[in-house]
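Accompanying notes for the structure given below.
The values are calculated or read from the model by the stated rules, or taken from the named source; none is laboratory data. Everything numeric in this text was worked out from a predicted model, so none of it was measured. Please note: Cβ atoms are built from the backbone with ideal geometry, for glycine as well, and neighbour counts cover all protein chains shown. Accessible surface areas use protein heavy atoms only, side chains included; no ligands, DNA or RNA. Shrake-Rupley method; radii C 1.70, N 1.55, O 1.52, S 1.80 Å.
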Amino acid sequence: MLHIDAAQQSGSGTIVRLAISLSALLGEPVRITHARARRAKPGLRPQHLAAVKACAELCGARLEGVEVGVQDFTFAPRTPPRGGHFVWDIGTAGSATMLALGVLPVACRAEGPLRARITGGVFQDFAPSPHHMQHVLAPLLARMGVAVELRVVRAGYMPAGAGVIELRVTPARKPLEPLELTAQGSVREVVGVAFSSHLEERRVSERMAHACEERLLAHGFPCRIERVHDVQAVQAGASLAVWADTNTGARLGADRAGAPRRSSEAIGHFVAEQLLADLQAGGSVDRHAADQLAPFAALAEGTTRYVAPRVTDHLTTNLWLAERFGAKVSRHGRDVRVQGLAR
């Protein structure tokens, strides 16, 4: 049984989700200790528990010691991952997109298509934006051989949550193809979506989009951002996401969720500056995709190569964890190489 000390590296809940996901996919039992030991509330929170149970459902795993608050537990897969229709409810405003990202590697090599309806928080800080997953990560995974669709059924924000996303995955019929993306190239276009719920009177979508478009245009990048005014969410909230396509096939994105006392203009400027920083750094993927790609690269047949715009804790953590499961990883500065396990 593989032992993962989850207090290592970033010490975040990402270690728990990714370790369980790789365990489920590779059929390798894992003992996790010190889960989120360095956090203010250590141990599994409801969103982590939901991710562990979702992966367990996909592979019939035997669980020992899994409950909210525990730091040490065992996850032992018993069957190859299966497809099917699933409903997962976190029960809090915990991130639904984090859960989706946790099960994605398993679904990529499942025995059949997966369709999952996930309830929880949808737009929030420190969690993947569904628009980034749909428009940036999914196209990159398509190049590796797996079809991913993610749709926002109902937006959900802190603290109420109650958002719903739908994840659909058509597994690859063979091991994933390695991703070779080492040159950023020249930007061809920048597009995006400014999404707000119950805030049309305050013109939040318009203000976020205009601030972002203005800042990007000042740096020579015209941008087209769709304005969306939602009324289905339980409470008011907002999010902005943009992504840039280049002539080498690279796609880099940036995003920001709304929050109390965070102005629409501040969100627009933040997203523009984040995208500009990643472009100016020469990344062939953005800072979020750089770490999100690590587990998929670990499963590919061959060597995946890309250039991260910056080295983050999440990137070093995910590469470290891929190595713990047997992938061969090398990183020289921001150049990342992962020789996959071909599973």
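Helices assigned as whole DSSP H runs in the chain whose Cα atoms extend at least 15 Å along their own long axis and whose mean Kyte-Doolittle hydropathy is 0.5 or higher are found at 13-26, 46-59, 96-108. For the range 8-26, backbone nitrogen atoms closer than 20 Å to the point 7 Å from K41 Cα along Cα-to-C-beta are found at 11-18.
Can you pull out the trypsin sites (Lys or Arg not before Pro) in the range 222-319 whose DSSP state is coil and whose Cβ has at most 10 other Cβ atoms within 10 Å? Intermediate values should be presented prior to the final figure.
Values: sites: R224, R227, R251, R256, R261, R262, R287, R305, R310; in loops: R261, R262, R310.
For trypsin sites (Lys or Arg not before Pro) across the range 222-319 that sit outside H, G, I, E and B with at most 10 neighbouring Cβ atoms in 10 Å, the list reads R261.
Using a probe of 1.4 angstrom and keeping all protein chains present, the accessible surface of the chain works out to 40 square angstrom per residue.
In angstrom, the C-alpha Rg and Dmax of the range 259-327 are 15.1, 47. The radius of gyration of the Cα set in the range 186-343, together with its Dmax, comes out at 17.8, 53 angstrom.
Across the chain, the convex hull enclosing all Cα atoms gives 112 Å³ per residue.
Tally the DSSP beta bridges in the chain and give the antiparallel ones as a percent, rounded to 5. Each step should come with its number before you reach the end.
Working: 48 of 70 bridges.
Close to 70 percent.
Annotation for the range 1-89: GluC sites (Glu not before Pro) lying in DSSP loop with at most 12 further Cβ atoms inside 10 Å of their Cβ are E67. Only one residue of G156, F195, G302 has its Cα farthest out toward the positive end of the dipole of the chain, where Lys and Arg carry +1 and Asp and Glu -1 on Cβ, and that residue is G302.
Measuring with a 1.4 angstrom probe and ignoring ligands and nucleic acids, V87 comes out at about 120 Å² accessible. Using only Cα atoms, locate the centre of the range 142-195 and the centre of the range 274-301, then give the distance between them in Å, rounded to an integer. Centre-to-centre distance over Cα atoms comes out at 13 Å.
Given the DSSP H assignment, sum -39500 (n - 2.57) over each helix run of at least 4 residues in the chain and divide by its residue total; what's the result at 222 nm in deg cm²/dmol, nearest 500?
Values: 9 runs with 102 residues, N = 343.
-9000 deg cm²/dmol, from helical runs alone.
The alpha-carbon of K328 sits under 17 angstrom from the alpha-carbons of these aspartates and glutamates, leaving out residues fewer than 8 places away in its chain: E177, E180, D291, E301.
With Cα atoms defining each centre, the range 197-240 and the range 1-75 are spaced 37 Å apart in the structure.
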